[in-house]
Amino acid sequence: MSGQQLAERARDAAARQARPASFLRTWRIFGLAETKGLGVQAGLWGLVALLTVFLANPAPVDYQVGQVASHTIRADHGFQFLDRVATTQKKLAAESQVPPVFIMDDLLAGILEKQAEQIFQRARAILTDAQFRNEDSRLKVLEALKPEFLALFNLPENSPAWPGLLAVRFDETLEKRVLNLVAEMMARGLMDDELETASNHTEAASAVMVVNVSNRSEYIMPRLNVLTGRRELDRALEVQARKLAVEYDWNDVDLILNLVRGLARPNLKHDPGQTRERLWRASAQVHDVYVNIWPGQVIIQEGTVIDRPVMEKLTALKAGQKQGFNWPSRFAGLFLALFIFYNLILALFSLSPKRRLILPPPREQAFMSLIIFLVALAANAALVFGTSLSWDFDFLDNQTLFLGLPIPAATMLACVFFGLRRATLVLILIAVTATVVIPGEGRFMAMLYMVNGGIAALLSLRTMKERKALVPASFWVMVVNCLTLMSLTLFSDAAWGRQTANNFLAAVACGFFAGVLTSGLIPLVEMAFGFNTNLKMLELGNLDSPILRELMLSAPGTYHHSVIVGAMVEAAAEGIGANPYTAKVGAYYHDIGKMKKPLYFVENQSGENRHDTLAPSMSALVLVGHVREGAELARASKLPQVIVDIIEQHHGVSLMGFFYHKARNQHQPGQPEVNEGDFRYPGPKPHSAESGLVMLGDVCEAATRSMAEHTPLKIRSLVKSVVNQAFSDGQLDECDLKTSELAAVINIFTSILIGIYHHRVAYPRKAVPEAAGPPWPEGDKVKEPANANLSVQPAKGAAH
């Protein structure tokens, strides 16, 4: 690739970052990070849903009492039977017509009115009594009446109502207005706020039965017009306030409303006893419903236990019954539900921390769908054949074969190849799919059994480093399977006998063969699908591998730099929950492209800097070339694609600042302007947390190496500046590194770099024999280019 082509590629990459979303790319609105796999995903999981629907509708079989219907049975002729469900529904409908009963204390409003009238009359009498010599004496007498007034109107001691009434001298017109409003509000019925929600039946009723206390008369009223609480009372008084404002000023209006609120008392109460009695009477008057079964109607639904009444109906059917399914609706409904579930749960687990949807690669989804369907097929077959065997062998349960299936092997494989998050997704998909295809009422127990065993396997293998980790994983699957089986046996209240003992043996066999099957399938899956495991990464991380040995011999400075970066990113990946093995191996191989031209990178130089004789644009091409050449070498060496991606992405589209500034300083008037895009790496940006860590570790180590003084404070400041610069430059926009995780990365990088570049005590000169010379060759010091500390990227571009 020529220099001009590389420059055009860099400019296109920069333009794509700034290009607004077009109509054809509106998928970005939904946060999709890529769309190439959408069609593949829809077709793949649609096929899985289609096959699952077929497994969920097995061929008809002859049944006996106590067995489970594996399919729907329909009648081929009509007959009559008692429909208990319709009878129950009819009774519920009759009960729904019965209004709840409320007791209305219709005398309470009159009692309160008389008490209020007496107080107002006594107050007016005191105010108009001529025997009092002055107004002060009248007020003193009225003060004795105040506690009784406040108690009746439920007002506090400092209420402004009493001074207000004194001001209007307990006006009789105002009194009548208050009493009329109280009578009007209580006539509708006023409930205590704490008793407003009496029962579900009361809340659902559209009308209520009101029974007066005085004469036990009953009448039905709309619920909204009767059940008035304090909140409704306040709203009604707000309406009255606008009417009162026509006759009174606002001070008098507030006085009237306060008196009405205080005097009104709850006079309506729900009577649950009478309500239940009337509901029972309405239900008792309903007659049983007998229903005619017509040809083609459903006799028993799939998954229902066949009891004796149902068996009598089946026996009554003559030969030539037309058993079948309502294929269009059943097939379409189950297929659509499964298809939606598969894609939604996959999207949920594919969301990145930045709320973007990053779909798994198609081959990863293909492997997921394959193992999920195989598990569903095996579970369905085991239960069907297990039921048949249990008819002939009484020591076998119909679930014995299912309990012995090594289903946890599927989650073990997913955990080994995809990690804990994706393995959890696979476990959920397996549980739902297998539950759909499992016939009978044992679906709930079977799902618990599968989920518990799968979780035990995931917890045991979440940090798998060696193949021998499968041994304890198998052991814990056995233990959890046995505990789950024991719990389910107690739940079902099944008899403990020979069948139960065989079920426990099957549970133990499940754990044992799950580990054996996983161990045998790992290399086959690696070859068939090209997946990578932590075990493979550990093998690639061997520093004696041919590529790394060649790197050590041809570019020792780069090799040393890569080893340090590997230690940094491994620790950082462990700290934020990323894959430390992928990060470390990616760091080891990220600069293997420098083996082509090692002397053009300052860590491999011993005095002469070849970039001093090159134009800045040519120097930029050399630096860009090591990424391309490294990716080509990795592919030729058949390194995993994830390592190739790290090699291609570890610079992103960052700026080679040293040569960019050098080109600008050398720019002469009349020459074309220096294009920043010509001095940027072509990308792409890091797409994974591991790739982002390698980018940050790479530039942090290179920048720290170029420092003149390696104090802890300066190293920390430099690392923080480098990470912030990469973040602000948008280099981390497409990877899964959270902002909160970057702080942990800074701390980890800083501690490791401080440990590497810590201050050392100088040895006394007399400790070294003069004839031996200095303990190290002084000519080995690395020559760094001028202005190496202009920025983070310039130092990296020139020296690295």
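The values are calculated or read from the model by the stated rules, or taken from the named source; none is laboratory data. Owing to the predicted nature of the structure, the values given are computational and were not obtained by experimental measurement. Counting neighbours? That spans all protein chains shown, and the Cβs are built from the backbone with ideal geometry, glycine included.
Residues checked against (1) surrounded by fewer than 21 Cβ atoms within 10 Å (Cβ to Cβ); (2) in contact with a His (Cβ under 6 Å, 6 or more places away or on another chain); (3) assigned by TED's automatic domain parsing to the domain that holds residue 363:
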{"position": "471", "(1), (2), (3)": "yes, no, yes"}
{"position": "482", "(1), (2), (3)": "yes, no, yes"}
{"position": "488", "(1), (2), (3)": "yes, no, yes"}
{"position": "503", "(1), (2), (3)": "no, no, yes"}
{"position": "509", "(1), (2), (3)": "yes, no, yes"}
{"position": "517", "(1), (2), (3)": "yes, no, yes"}
{"position": "553", "(1), (2), (3)": "yes, no, no"}
{"position": "561", "(1), (2), (3)": "no, no, no"}
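If we keep just the residues of region 161-171 that are surrounded by 13 or more Cβ atoms within 10 Å (Cβ to Cβ) and touching a residue at least 24 places away in the same chain (Cβ under 8 Å), which is nearest to the chain's Cα centre (by Cα)?
161
Pull out all pairs, ordered by first then second residue, where Cβ-Cβ is under 8 Å, the residues are six or more apart or on different chains, the first lies in region 38-65 and is assigned to a loop (DSSP other than H, G, I, E, B), and the second is of a type outside the set (D, E, K, R) and modelled with pLDDT of 75 or more.
56/334; 56/436; 56/437; 58/380; 63/306; 64/306; 65/306
In this structure, does residue 208 turn out to be over 19 Å from residue 97 (Cα atoms) and modelled with pLDDT of 80 or more?
no
Residue check: is residue 694 more than 27 Å from residue 641 (Cα to Cα) and buried (at least 22 other Cβ atoms within 10 Å of the Cβ)? Spell out how you get there, then give the answer.
Values: more than 27 Å from residue 641 (Cα to Cα): no; buried (at least 22 other Cβ atoms within 10 Å of the Cβ): yes.
No, not satisfied.
Is there any pair linking a residue in region 671-685 that is assigned by TED's automatic domain parsing to the domain that holds residue 646 and touching a residue at least 60 places away in the same chain (Cβ under 8 Å) to one that is of a type in the set (S, T, N, Q) and part of a loop (DSSP other than H, G, I, E, B), with Cβ under 6 Å and at least six apart or on different chains, and which?
Note: pairs meeting the criteria are 681/654.
Quick one: count up the residues across region 571-604 that are farther than 19 Å from residue 739 by Cα and among the acidic types (Asp, Glu).
The total comes to 2.
How many residues does region 647-669 contain that are assigned to a helix (DSSP H, G or I), in contact with a Pro (Cβ under 8 Å, 6 or more places away or on another chain) and either β-branched (Val, Ile, Thr) or crowded, with 20+ Cβ neighbours inside 10 Å (or both)?
Step one: list which residues in region 647-669 are assigned to a helix (DSSP H, G or I), which gives 647-649, 657-666.
Within this subset, residues satisfying the condition of being in contact with a Pro (Cβ under 8 Å, 6 or more places away or on another chain) are 648-649, 657-663, 666.
When the remaining residues are screened for being either β-branched (Val, Ile, Thr) or crowded, with 20+ Cβ neighbours inside 10 Å (or both), the result is 648-649, 657-663.
Selection size over region 647-669: 9.
How about region 329-351: which of its residues are among the aliphatic types (A, V, I, L, M) and out of contact with any strand residue (DSSP E or B) (no Cβ under 7 Å at 6 or more places or on another chain)? Even if it seems obvious, please write down each step before you answer.
Taking region 329-351 and keeping what is among the aliphatic types (A, V, I, L, M), we get 332, 334, 336-338, 340, 344-348, 351.
332, 334, 336, 337, 338, 340, 344, 345, 346, 348 - these are the residues of region 329-351 that are among the aliphatic types (A, V, I, L, M) and out of contact with any strand residue (DSSP E or B) (no Cβ under 7 Å at 6 or more places or on another chain).
Which one is farthest from the chain's Cα centre (by Cα), of the residues in region 411-445 that are under 22 Å from residue 462 (Cα atoms) and free of Cβ contacts under 8 Å to residues at least 40 places away in the same chain? It would help to see each step written out before you state the result.
As a first pass, look at region 411-445 and keep what is under 22 Å from residue 462 (Cα atoms): 411-431.
Checking which are free of Cβ contacts under 8 Å to residues at least 40 places away in the same chain leaves us with 423, 427, 431.
Values: 423: 15, 427: 15, 431: 18 Å.
Here the answer is 431.
So which pairs qualify, if the first residue must be in region 248-264 and over 16 Å from residue 152 (Cβ atoms), the second must be crowded, with 18+ Cβ neighbours inside 10 Å and of a type outside the set (Gly, Ala, Ser), the Cβ gap must be under 6 Å, and the two must be at least 6 apart or on different chains?
253/244; 257/237
Taking interchain pairs and intrachain pairs at least six residues apart, which have beta carbon atoms under 7 angstrom, with the first residue in region 701-718 and surrounded by fewer than 16 Cβ atoms within 10 Å (Cβ to Cβ) and the second part of a helix (DSSP H, G or I) and among the hydrophobic types (A, V, I, L, M, F, W, C)?
712/754
Please enumerate the residues belonging to region 571-616 that are surrounded by fewer than 18 Cβ atoms within 10 Å (Cβ to Cβ) and at pLDDT below 85.
In the first step, residues of region 571-616 are kept if they are surrounded by fewer than 18 Cβ atoms within 10 Å (Cβ to Cβ); the result is 574-575, 577, 596-597, 599, 606-608, 610, 612-615.
577, 596, 597, 599, 606, 607, 608, 610, 612, 613, 614, 615, listed by residue number.
Hey, does region 449-467 have a residue that's more than 25 Å from the chain's Cα centre (by Cα), assigned to a helix (DSSP H, G or I) and not assigned by TED's automatic domain parsing to the domain that holds residue 570?
Yes, region 449-467 contains a residue that is more than 25 Å from the chain's Cα centre (by Cα), assigned to a helix (DSSP H, G or I) and not assigned by TED's automatic domain parsing to the domain that holds residue 570.
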